[in-house]
Amino acid sequence: MLNRLEKEKTGSTPYILFDADQHYMKFAGESFHENVIEFYGEIDSNLGEYMATDFGKFTFDCELTYFNSSTAKLLLNMLLGMDDAIAGTDKEVIVNWITTEDNDIIIECGEDFEEEVENIQFNIIMK
Amino acid sequence: MNSLLDFYRFVKDKDINIIYSGPIWSNGVEGIGDTLKRRLEFDDLPLPTSQAVFSVFVEQMNNMLMYSAEKFVAPAVMDEKQAATATGIFLLSCRGKQYFVQSGNVLRNDQVNIMKDKIDYLNTLDKQELRKFYKQKLREENDNPESRGGGIGLVEIAKRASSKIDYSFERYDDAHSFFTMSVTIE
């Protein structure tokens, strides 16, 4: 497992950071590359390994301003993976879904995802 | 049409603001998307409107990448991952506060009814039902890792559209049809 993974944003992929030592992950920007599975693959597998460790408390700041439906599918998958990983443990995952009042797509998706997870503390935060 | 002037007049008369016709590949989508965003900035729209137009564009492009029967191969400029390239046409027309986002591509005839049924079904749903259906599709796709997510993009388009998704299938050749999708956003 890589302890730290960081990618700068491009025209169709967001800034992503995963830092196991800081127990922190952040996505920011737009995500609409056609092949999102490949883009998020490395971070997704690292996150999976990290979730199996005894990490205590993990925070994910999601500050995406727009994402396509393939990204939505991947994000939900990631969230459900984390939700399962902490079920029945005392590990904590906090997701801060950070957006603005006028961002309908992101707010709507955040509300839908919040309903899907059971163990994650899911906060929708308006900047 | 003999001259570019005729074409220009035709395009102007139809309120067409952006036309793209040719190969469609990931990095190309990014480039056209950038042009589209800059064009929408002119109109100083509320975020939900410009986002809706952009989102429909992104999902239409993705749909063409998946279903266009015409492939465009340019190995000299593309690496292996990008070689899977489609061909299609995209139009943005603006009439007052109305935006028409259209895509067109050649489709295998055996795909016609599948596409038609999907859109017809989405057209029966209202916004709340679409939201529920979208969530349901996301979950279903999660249970099916092999899926490339083809159905979800159309649901996203239906969610963003201000009216029903308009479409047509015209004969292209014996084995293919030309699929046009028109989405209105207000």
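For the reader, a short list of remarks on this structure follows.
- Residue pairs meeting the criteria (Cβ under 7 Å; at least 6 apart or on separate chains; first of a type in the set (Gly, Ala, Ser), in the stretch B:40-57; second part of a helix (DSSP H, G or I)): B:Ser50/B:Leu40; B:Ala52/B:Arg160; B:Ser55/A:Ile105; B:Ser55/B:Glu156; B:Ser55/B:Arg160
- Being surrounded by fewer than 21 Cβ atoms within 10 Å (Cβ to Cβ), at pLDDT 95 or above, within 25 Å of A:Lys9 (Cβ to Cβ) and within 11 Å of another protein chain (Cβ to nearest Cβ) is not true of A:Thr59.
- Some residue of the stretch A:76-85 being under 14 Å from the mean Cα position of the chain (by Cα), farther than 25 Å from B:Gly151 by Cα and surrounded by fewer than 17 Cβ atoms within 10 Å (Cβ to Cβ): no
- Qualifying residue in the stretch A:73-87 (condition: part of a loop (DSSP other than H, G, I, E, B) and of a type in the set (S, T, N, Q)): no
- Of the residues making up the stretch A:77-99, just one is modelled with pLDDT of 95 or more and facing another protein chain (nearest Cβ under 8 Å), namely A:Leu80.
- Identity of the residue in the stretch B:1-38, over 17 Å from the mean Cα position of the chain (by Cα) and among the charged types (D, E, K, R), that ends up nearest to the other protein chains (Cβ to nearest Cβ): B:Arg38
- Counted residues, the stretch B:16-27 - those being part of a helix (DSSP H, G or I) and either buried (at least 19 other Cβ atoms within 10 Å of the Cβ) or on the phi > 0 side of the Ramachandran plot (or both): 1
- Here the condition is being surrounded by fewer than 23 Cβ atoms within 10 Å (Cβ to Cβ), farther than 30 Å from B:Gly31 by Cα and not small (Gly, Ala, Ser); of A:Thr99, A:Thr65, A:Thr53, it holds for A:Thr53 alone.
- Test: residue in the stretch A:28-47 that is more than 14 Å from chain B (Cβ to nearest Cβ) and either loosely packed, with under 15 Cβ neighbours inside 10 Å or more than 14 Å from the chain's Cα centre (by Cα) (or both): yes
- Unique match (being among the aliphatic types (A, V, I, L, M), outside any loop (DSSP other than H, G, I, E, B) and modelled with pLDDT under 95) among B:Met78, B:Met66: B:Met66
The values are calculated or read from the model by the stated rules, or taken from the named source; none is laboratory data. Since the model is a prediction, treat every value here as computed from it, not as a measurement. With ideal geometry, Cβ positions are generated from the backbone for all residues, glycine too; neighbour counts draw on all protein chains shown.
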